[in-house]
Amino acid sequence: MRTLNLSYNNIHTEGAKQVALMLETNQALTSLDFGFNHIEDGGIEAISNVLKKNDTLKVLNIEYNGIHQEGANFLGAMLQLNHTITTINLLKNHITDEGLEFICSAIKVNDTLVSFNLAYNNIHDEGAKKLAAALLANRSISFLDLSFNHIDKDGAKGLSAVLASNGFIRELNLESNKIGDEGVKYIWESLMKNTVLSVLILNNNFIGNEGVQLLSTLLKVNGTLRKLHLDSNHIKNEGAKYIIEGLKENKVINDLRIFYNALDKDEWIIIRDECINRRAMGK
């Protein structure tokens, strides 16, 4: 057995400890799904202690498990020693800025973690800046999800420094934060130099026409970004026209979303149809 799915099983700390005992002798399991249980900090301590020595598990899903700062400390200690895990899903826990600091220390030295989901973890600007500093030293993380947190322009500035200098992040999800037009400016500046990022999700971030105008100039010169989502922002017709102009010169983007903004129907239909045509042509 290589995959074990224990999600939605009302497993608490003691159950997680029993699974940890199994992992001590198992040399085949590559994917463990603990999602939507109640293992909490005590459970993740037991799992983390085993994974310090485990060299087969690659995917660890621990979303919705009531993991707090103490549990983040255990995870960080594990990641400093584990060089096998490539994917960790921590969605909807209680990591916070303080807990993230422990994990960041590990990110600086870990060279195998590729995909990291920190959505819904009450992370603010301080946490985003600590993570950015760690990512500047990291050379493996390619997929980063920070959606549904509390990151505004200052956190965006820190993450932008990573995009400007780190050639590894390919997908960045910042949906439902507080980036705003000023935060978009920092992202725009970094992506004018970036040739790696292919997916950028900025839905629900208080972005208006000013921010979209900057992104439209990015579209004119960027040759790697293929997906840009801007749903549920404050974009009006003028902003949509900026995007349409940018698309005229962009040859690679094929998934640009702008739903639930203050646009006339004609404007978003033009953008939608252009992306549909590009996907049909295989661009």
- [ ] Decide, for region 175-283, between rounded, prolate and oblate: order the square roots of the alpha carbon gyration tensor eigenvalues as a ≥ b ≥ c, take rounded if a/c falls under 1.5, and otherwise choose prolate if a/b is larger than b/c, else oblate.
- [x] oblate
Open item on the list: Computing the accessible area with a 1.4 Å probe over protein heavy atoms, can you report the carbon and sulfur percentage for region 1-102?
Closed with: 49 percent
Task: Computed FRET value (nearest 0.05) for residue 111 with residue 14, which takes r as the C-beta separation and R₀ as 30 Å - done: 0.35
- [ ] Please report, as a whole percent, how much of the solvent-accessible surface of region 139-267 comes from carbon and sulfur atoms (probe radius 1.4 Å).
- [x] 47 percent
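Cross-link list 129/185; 58/193; 153/220; 220/265; 92/178: which exceed 21 angstrom alpha carbon to alpha carbon?
Over 21 Å Cα-Cα: 58/193; 153/220; 220/265.
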Task: Cα long-axis angle, helix 209-221 against the chain (0 to 90 degrees, to the nearest 10) - done: 90 degrees
Open item on the list: Working only with C-alpha atoms, what are the Rg and Dmax values of region 91-163, expressed in angstrom?
Closed with: 11.0, 30
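With runs of 4+ DSSP H residues as the only contributors, calculate the mean residue ellipticity of the chain at 222 nm using -39,500 (n - 2.57) per run, divided by the residue total and rounded to the nearest 500.
-14500 deg cm²/dmol
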- [ ] Over the chain, average the accessible area per residue using a 1.4 Å probe and give it in Å², no decimals.
- [x] 44 Å²
Task: Cut-off under 5 Å, modelled amide H: who pairs with residue 233 long-range - done: 204
- [ ] Step through the residues of region 159-175 one at a time and calculate ³J(HN,Hα) from phi using the Karplus curve (6.51 cos²θ - 1.76 cosθ + 1.60, θ = phi - 60°), rounding each to whole Hz and writing x for Gly and Pro.
- [x] 5, 5, 4, 5, 4, 6, 10, 9, x, 10, 6, 9, 9, 10, 10, 10, 4
TODO: Working from Cα positions, state the angle (0 to 90°, nearest 10) between the long axis of helix 13-25 and the longest principal axis of the chain.
DONE: 80 degrees
- [ ] Calculate I(q)/I(0) for region 142-203 by the Debye formula, one identical point scatterer on each C-alpha and no solvent, and give its log10 at q = 0.12, 0.24, 0.25 Å⁻¹ to two decimals.
- [x] -0.23, -0.98, -1.07
Task: Net charge dipole size for the chain [Lys, Arg +1 and Asp, Glu -1 on Cβ; Debye, nearest 20] - done: 1040 debye
TODO: For the chain, find the longest principal axis of its Cα atoms and tell me its angle to the long axis of helix 125-135, 0 to 90°, nearest 10.
DONE: 80 degrees
Open item on the list: How much length would be gained if the chain were fully extended between residue 221 and residue 30, taking 0.36 nm per residue of separation minus their Cα-Cα distance, in nm to one decimal?
Closed with: 64.7 nm
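Where does the chain land on Rg/Rh, using Cα atoms and the Kirkwood Rh?
That ratio equals 1.03.
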Task: Difference of contour (0.36 nm per residue) and Cα-Cα distance, residue 272 to residue 21 - done: 85.2 nm
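The values are calculated or read from the model by the stated rules, or taken from the named source; none is laboratory data. Since this is a predicted model, take the numbers as computed values, not measurements. Glycine also receives a Cβ, built like all others from the backbone with ideal geometry; neighbour counts cover every protein chain displayed. Surface accessibility is based on the protein's heavy atoms, side chains included, excluding ligands, DNA and RNA. Shrake-Rupley method; radii C 1.70, N 1.55, O 1.52, S 1.80 Å.
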